[in-house]
């Protein structure tokens, strides 16, 4: 199939398809006239590539994940890479949750401005506390991080 049809079937721009080809993720044969001739499996391959990108995989990781022949997946290697990506996402969620908790504690400290002190003095007060390490660094329980995982919703009140 030609690139226009492949673009229509996948919803990708032709330039994006050419980019994946240049990146070595998509192999295409050329016709005698120089036009690209994509096999039917290119549709599935492009869906896998875009899905993997949405899941957070880099092009290099995708290249390592894809088999040379779509019918020859390495089950063990695939599972290992997917599990590693889940672990990477969970580590990122933890860092983000810690950053969020720290920022919320900072906001709370700023809002706890003593009566009679202006904004500039309050800023100095908060910054001094941060520098001295007096601003409490919130710690997260395992349940706090678990609540941030996809498919779960955080509810108030706890």
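Among the candidates 90, 47, single out the residue that is within 17 Å of residue 1 (Cβ to Cβ) and touching a helix residue (DSSP H, G or I) at 6+ places or on another chain (Cβ under 8 Å). Of 90, 47, the one residue that is within 17 Å of residue 1 (Cβ to Cβ) and touching a helix residue (DSSP H, G or I) at 6+ places or on another chain (Cβ under 8 Å) is 47.
State yes or no: is residue 97 under 30 Å from residue 124 (Cα atoms) and either assigned by TED's automatic domain parsing to the domain that holds residue 133 or under 20 Å from the mean Cα position of the chain (by Cα) (or both)? It would help to see each step written out before you state the result.
Numbers: under 30 Å from residue 124 (Cα atoms): yes; either assigned by TED's automatic domain parsing to the domain that holds residue 133 or under 20 Å from the mean Cα position of the chain (by Cα) (or both): yes.
For residue 97, the condition - under 30 Å from residue 124 (Cα atoms) and either assigned by TED's automatic domain parsing to the domain that holds residue 133 or under 20 Å from the mean Cα position of the chain (by Cα) (or both) - is met.
Looking across segment 120-134, just one residue is outside any loop (DSSP other than H, G, I, E, B), at pLDDT below 90 and exposed (fewer than 11 other Cβ atoms within 10 Å of the Cβ), and that is 131.
In segment 30-42, the count of residues that are surrounded by 13 or more Cβ atoms within 10 Å (Cβ to Cβ) and either under 23 Å from the mean Cα position of the chain (by Cα) or closer than 26 Å to residue 86 by Cβ (or both) is zero.
Look at residue 83 and say whether it is within 27 Å of residue 24 (Cα to Cα) and at pLDDT 90 or above. Considered against the rule, which asks whether it is within 27 Å of residue 24 (Cα to Cα) and at pLDDT 90 or above, residue 83 comes out as yes. The single condition among (1) free of Cβ contacts under 8 Å to residues at least 12 places away in the same chain; (2) within 17 Å of the chain's Cα centre (by Cα); (3) not assigned by TED's automatic domain parsing to the domain that holds residue 122 that residue 76 does not meet is (2). Limited to segment 67-77, what total is found for residues that are over 20 Å from residue 1 (Cβ atoms) and surrounded by 10 or more Cβ atoms within 10 Å (Cβ to Cβ)? Qualifying residue count, segment 67-77: 4.
Quick grid of which residues meet (1) within 30 Å of residue 134 (Cβ to Cβ); (2) modelled with pLDDT of 90 or more:
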{"residue": "16", "(1), (2)": "no, yes"}
{"residue": "21", "(1), (2)": "no, yes"}
{"residue": "60", "(1), (2)": "no, yes"}
{"residue": "65", "(1), (2)": "no, no"}
{"residue": "78", "(1), (2)": "no, no"}
{"residue": "90", "(1), (2)": "no, yes"}
{"residue": "118", "(1), (2)": "yes, yes"}
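The values are calculated or read from the model by the stated rules, or taken from the named source; none is laboratory data. These numbers come from a predicted model, not from an experiment. A quick note on method: Cβ atoms are made from the backbone with ideal geometry, for glycine too, and the neighbour counts reach across all protein chains shown.
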